[in-house]
Amino acid sequence: MNQKLLIDRVESLSEGFSLSKYNFLKISYLLKLIEESDHFSTQCKTCAENKKILANMVEEIPFLDDIEHRQPYEKQFNQIRRHFHREHGFIPPYRFSATYSLIGILAGTLSATLVSFVFGGFNIDVFLAGAVIGLIAGYFLGSAKELKYRKSKKMI
Ligand SMILES: [Zn+2]
């Protein structure tokens, strides 16, 4: 099935979905998987195979409330997504901003704790300030690192 038709098919099958159901079933990611598999299918055998799998997965959309249908669907979904991470240089969205934010919080609170001990004991305000500064710095650095992936749309 051609890509445009498949995307139309996804849109018609998910038409009545609430936003939370749409997000829960990761429909927008599915559309991205369809687009990127099509894009790489001329040069990658796996992507060419995945196009057929995706066409079958789309027909599962009406049945995904049923766990028996959803589990194999999600397994295939994750497999295809992983293929893009491993073979085509994609990263998951927020990979770096999320990780760096966490590292930032840890580094910030740790430095704040050390500093406050040097200046006479634990201080909750300094501790919290360290967490916030660490979070902002980590998020900023992580987002900067994500920029080239974002620009080349290499996120999935
Ligand atoms: Zn591929």
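Since every read-out is calculated from the coordinates, none of them should be taken as a lab result. All of these numbers come straight from a predicted model, not from anything done at the bench. When we count neighbours, we look across all protein chains shown, and the Cβ atoms used for this are built from the backbone with ideal geometry, even at glycine.
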**Prompt:** What is the spread of the Cα atoms of region 3-87 along each of their three principal axes, largest first, in whole Å?
**Reply:** 36, 25, 18
**Item:** Residue range of the chain that is longest and free of chymotrypsin sites (Phe, Trp or Tyr not before Pro) which are both DSSP loop and sparsely packed (at most 12 other C-beta within 10 Å)
**Value:** 1-118
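Using 0.36 nm per residue, how much length does the chain from residue 117 to residue 56 gain when fully extended, once their Cα-Cα distance is taken away? Mind dumping the intermediate values first?
Numbers: separation 61, 0.36 × 61 = 21.96 nm, distance 6.08 nm.
That pair, residue 117 and residue 56, stretches by 15.9 nm at full extension.
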**Message:** Could you list 12, 143, 101 so that the one with the fewest beta carbons within 10 Å of its beta carbon is first and the one with the most is last?
**Reply:** 12, 143, 101
**Item:** Among 76, 25, 109 - extreme Cα towards positive end, dipole of the chain, charges at beta-carbon
**Value:** 109
**Prompt:** Mean separation of Cα pairs under 8 Å and 6+ residues apart, divided by the residue count of the chain: what relative contact order is that in percent?
**Reply:** 22 percent
**Message:** Under 5 Å between amide hydrogens, which residues at least 5 positions from residue 156 or on another chain qualify, with H placed 1.01 Å from N in the peptide plane?
**Reply:** 91
**Asked** Rounded if a/c is under 1.5, else prolate if a/b beats b/c, else oblate: with a ≥ b ≥ c from the C-alpha gyration tensor eigenvalues square-rooted, which is the chain?
**Response** prolate
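For 57, 155, what ranking results if the residue with the fewest other Cβ atoms within 10 Å of its Cβ goes first? Can you show the working numbers first?
Values: 57 22, 155 15.
Ranking 57, 155 by Cβ neighbours within 10 Å, fewest first, gives 155, 57.
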**Request:** Normalising by the residue count of region 71-156, find the relative contact order in percent from Cα pairs under 8 Å and 6+ residues apart.
**Result:** 41 percent
**Item:** Karplus-derived HN-Hα couplings along region 139-156 (A = 6.51, B = -1.76, C = 1.60, θ = phi - 60°), whole Hz, x at Gly and Pro
**Value:** 4, 4, 5, x, 5, 4, 5, 6, 3, 5, 5, 5, 5, 8, 6, 8, 10, 7
**Item:** Where labels lie 7 Å past Cα in the beta-carbon direction, separation of residue 63 and residue 150 in nm
**Value:** 4.0 nm
**Prompt:** Which whole-angstrom value gives the distance between the alpha carbon centres of region 88-110 and region 1-66?
**Reply:** 29 Å
**Request:** Subtract the Cα-Cα distance of residue 98 and residue 15 from 0.36 nm times their separation in residues, and report this length gain in nm to one decimal.
**Result:** 26.7 nm
